[in-house]
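*Asks:* The structure's right below; bear with me while I get my questions together.
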């Protein structure tokens, strides 16, 4: 019994982002057709695992990925603590009301109106989350996993958040076994 960290499938932002070019300004990016293929491939992998619970970030790309991988067999627990580090436009989320319209079968009522990082804005109008803030959030979440003895759980999250937990920056839909103890 274990915890599995799964990075979301390729998003529209991932598909076009070039670090040497300006941010393409794709907010709360959905997954692409390639992302759908990646999620279905991951589905075959997770079918072999003993997963009884799913924690998912409230970004559109993670919610879509989790739904494609797990379907309706396990209830998705939406948790903003596993969100991506806010670095680019794609890391600015949608409000709970907007998410409820896109994903009517999920509960977003526990989320604040703005559940992503909020701080001083840069030239793009984006509040970049400092690395130390991300690391503290990841450490708090890891302590929660230990204290609650979370097992048989998949966490559908993001590259930088998974890196903060494990030191590994995963590829899209890569599955990493994680021992919070």
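*Asks:* When the Cα centres of the range 124-181 and the range 47-85 are compared, how far apart do they sit, in Å?
*Replies:* If we compute the Cα centre of each part, the gap is 13 Å.
*Asks:* Write down Rg/Rh for the chain, rounded to two decimals, with Rg from the C-alpha atoms and Rh from the Kirkwood relation over Cα pairs. Working shown, then result.
*Replies:* Values: Rg = 15.4 Å, Rh = 16.4 Å.
Rounded to two decimals, Rg/Rh equals 0.94.
*Asks:* Let me ask something else. Quick one: if the Förster radius is 22 Å, what FRET efficiency do residue 95 and residue 133 give, using the C-beta to C-beta distance and rounding to 0.05?
*Replies:* On the way: r = 21 Å, r/R0 = 0.97.
The pair residue 95/residue 133 has a calculated efficiency of 0.55.
*Asks:* Ok, one more. What is the helix-to-structure angle for 33-46, meaning the angle in degrees between its Cα long axis and the longest Cα principal axis of the chain, kept from 0 to 90 and rounded to the nearest 10?
*Replies:* 30
*Asks:* How do 163, 143 line up, fewest other C-beta atoms within 10 Å first?
*Replies:* Values: 163 17, 143 11.
Result, fewest neighbours first: 143, 163.
*Asks:* Also, quick follow-up: Using helices alone, I'd like the mean residue ellipticity at 222 nm for the chain: each DSSP H run of four-plus residues gives -39500 (n - 2.57), total over residue count, nearest 500.
*Replies:* Numbers: 6 runs with 62 residues, N = 181.
Dividing the helical sum by the residues of the chain leaves -10000 deg cm²/dmol.
*Asks:* For the range 96-181, what does the convex hull of the Cα positions come to per residue, in cubic angstrom?
*Replies:* Values: hull volume 13.3 nm³, N = 86.
Taking only Cα atoms, the range 96-181 has a hull volume of 154 Å³ per residue.
*Asks:* Ok, one more. Test of understanding: ordering 153, 62 by Cβ neighbours within 10 Å, fewest first, what list do you get? Each step should come with its number before you reach the end.
*Replies:* Details: 153 22, 62 28.
In increasing order of surrounding Cβ atoms, one gets 153, 62.
*Asks:* Fewest to most neighbouring Cβ within 10 Å: what's the order for 178, 70? Please list the in-between numbers first.
*Replies:* Working: 178 18, 70 22.
Placing the least packed residue first, the sequence is 178, 70.
Every read-out reported here was derived from the displayed coordinates using simple, explicitly stated rules and does not represent laboratory data. Remember, predicted model here, so these are calculated numbers, not experimental data. Here Cβ is always computed from backbone atoms with ideal geometry, including for glycine, and neighbour counts include all displayed protein chains.
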